[in-house]
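See structure below.
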Amino acid sequence: MSRYEFKFGQYTTNVNFYSLEDIIPGNGSLFVADENTSYLIPKELMDKTIILKSGEENKTWESIEAILNKAIELELGRDGLFVGVGGGVICDMTAFAASLFMRGCSVTLVPTTLLAMCDAALGGKTGIDFKNYKNLVGAFYPATELRIGVDTLKTLGKREFLSGMGEVFKTAMIGDKSLLTYLKNKKDSILALDKESLEYMINSCIKVKGEIVEADLYERGIRAHLNLGHTFGHALETVTGFKDFSHGEGVVWGIAKSIETSLLLNIIDEDYAKKVIDLLKEYKYRLKADVDAVEILSAMKHDKKKKGGVIRFILQTAPQETIIREVPEDIILKVVRT
Ligand code: GLY
């Protein structure tokens with residue numbers, strides 16, 4: 001597998017693939033895991049480990065305080081190495097705590113979900129949810145190393161795996177059309193968690209995302225393309241109370257809605273649009289949601305990503321051709337009602 005060294009502004013992030021036996025770095029000073037991932041931490045490192053409750057509802061300031069308290073208990077200095085072992089929530093919080101402790105300790109992340117490997121753990125977005133807003137408080141603080149072990153994916157449920165695949169489809173659409181073809185041709189081996197297929201797919205996503213973040217760490221331009229499907233998706237998650245649709249399922253619905261929007265605006269290559277929708281159907285995603293279109297629009301208006309009161313959508317005209325533009329409200333309502 002490729003090993004990458006990305007330059008994200010002043011930071012360098014190395015990405016390496018490991019077998020499960022070697023995935024935890026022995027030189028870590030403090031390990032953060034949750035109830036699902038603590039099995040990966042070797043016994044002799046347990047006294048340096050804090051095990052948090054799993055789940056988005058624990059992505060809180062209290063969890064950050066718990067990590068910082070553990071760092072104080074272990075008498076860490078600025079040369080300490082925080083190691084986060086888990087999905088997006090654990091990776092985001094470990095890196096955020098590392099950014100705060102002594103004004104910044106090193107952090108290594110061991111992402112254990114597909115979503116975290118392909119998206120959340122790479123690129124330095126860290127933080128917590130605050131006052132009912134997802135990721136409202138945080139910092140850009142890239143890890144020095146990402147350690148990927150695809151065997152950790154074997155412990156994921158099918159729904160969580162497919163949820164992570166949402167970010168894979170998104171990444172392929174914006175940055176790697178050959179990956180889209182791969183996702184079609186290798187569907188059965190991907191769903192069977194064939195190691196070689198997973199490594200190829202994750203490796204491709206890391207390359208695309210890493211290059212985008214190298215160009216735009218602070219999301220002043222092209223990084224926003226990584227939000228393809230997310231404006232619709234976040235609104236769906238909000239309106240359905242974060243229960244019916246997981247983040248990735250929302251993103252997939254959002255991808256479908258962004259394609260329908262582009263079709264209504266007459267800006268997308270129709271063959272490409274059909275190819276993507278057909279592929280999402282082959283993976284058996286729910287592309288219809290029984291929701292009130294006005295509520296979806298209202299949730300979009302409250303999304304923190306809107307700029308100057310205007311909702312800006314990430315849309316595509318062709319594979320790897322992504323644009324950002326405003327969309328008239330009547331088109332959004334029509335698309336959600338379809
Ligand atoms: N998850 C989107 C980004 O990292 O920008």
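The values are calculated or read from the model by the stated rules, or taken from the named source; none is laboratory data. The model shown is predicted, which means the values in this text are computed figures rather than measured ones. Reconstructed Cβ throughout: ideal geometry from the backbone, glycine too, with neighbour counts over all protein chains shown.
Scanning region 156-165 for residues that are within 15 Å of the ligand (Cβ to nearest atom), modelled with pLDDT of 95 or more and surrounded by fewer than 23 Cβ atoms within 10 Å (Cβ to Cβ) turns up nothing. Remark: pairs (first residue in region 120-132, assigned to a strand (DSSP E or B); second residue within 11 Å of the ligand (Cβ to nearest atom); Cβ separation under 6 Å; 6+ apart in sequence or on different chains) = T126/D92; G127/D92; G127/N135. Among the conditions (1) touching a helix residue (DSSP H, G or I) at 6+ places or on another chain (Cβ under 8 Å); (2) assigned to a loop (DSSP other than H, G, I, E, B); (3) closer than 27 Å to V208 by Cβ; (4) not hydroxyl-bearing (S, T, Y), L280 misses just one, which is (2). Filter region 99-121 down to the residues that are within 13 Å of the ligand (Cβ to nearest atom) and out of contact with any strand residue (DSSP E or B) (no Cβ under 6 Å at 6 or more places or on another chain) and list them by number. Within region 99-121, P111, L115, A116, C118, D119, A120 meet the criteria. Can we say E75 is over 21 Å from A121 (Cβ atoms) and either assigned to a helix (DSSP H, G or I) or in contact with a helix residue (DSSP H, G or I) (Cβ under 7 Å, 6 or more places away or on another chain) (or both)? Here the answer is no, as E75 does not meet what is asked.
Every condition in (1) at pLDDT below 95; (2) within 20 Å of the chain's Cα centre (by Cα) is met by H302 except one, and the failing one is (2).
The single condition among (1) within 14 Å of M173 (Cα to Cα); (2) touching a residue at least 40 places away in the same chain (Cβ under 8 Å) that I277 does not satisfy is (2). Scanning region 8-59 for residues that are touching a residue at least 60 places away in the same chain (Cβ under 8 Å), under 13 Å from C91 (Cα atoms) and either in contact with a Phe, Trp or Tyr (Cβ under 6 Å, 6 or more places away or on another chain) or not acidic (D, E) (or both) yields V32, T37, K59. Within region 210-226, the set of residues being out of contact with any Phe, Trp or Tyr (no Cβ under 9 Å at 6 or more places or on another chain) and within 11 Å of the ligand (Cβ to nearest atom) comprises I212, D216, I222, R223, A224, H225, L226.
Yes or no, residue by residue, for (1) at pLDDT below 95; (2) part of a helix (DSSP H, G or I):
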| site | (1), (2) |
| --- | --- |
| Y182 | no, yes |
| I190 | no, yes |
| M201 | no, yes |
| C205 | no, yes |
| V213 | no, yes |
| L217 | no, no |
| R220 | no, no |
| F232 | no, yes |
| T238 | yes, yes |
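The number of residues in region 133-154 being in a helix (DSSP H, G or I) and either without any contact (Cβ under 8 Å) to a residue 12 or more places away in the chain or within 17 Å of the chain's Cα centre (by Cα) (or both) comes to 3. Sub-7 Å Cβ pairs linking a first residue in region 313-338 that is closer than 27 Å to G175 by Cβ and assigned to a loop (DSSP other than H, G, I, E, B) to a second residue that is among the polar types (S, T, N, Q) and modelled with pLDDT of 95 or more, at least 6 apart or interchain, are V327/T261, ordered by first then second residue.
Does S262 fit the bill of being touching a residue at least 40 places away in the same chain (Cβ under 8 Å) and within 16 Å of the ligand (Cβ to nearest atom)?
On the way: touching a residue at least 40 places away in the same chain (Cβ under 8 Å): yes; within 16 Å of the ligand (Cβ to nearest atom): no.
No; evaluated as a whole, the condition is false for this residue.
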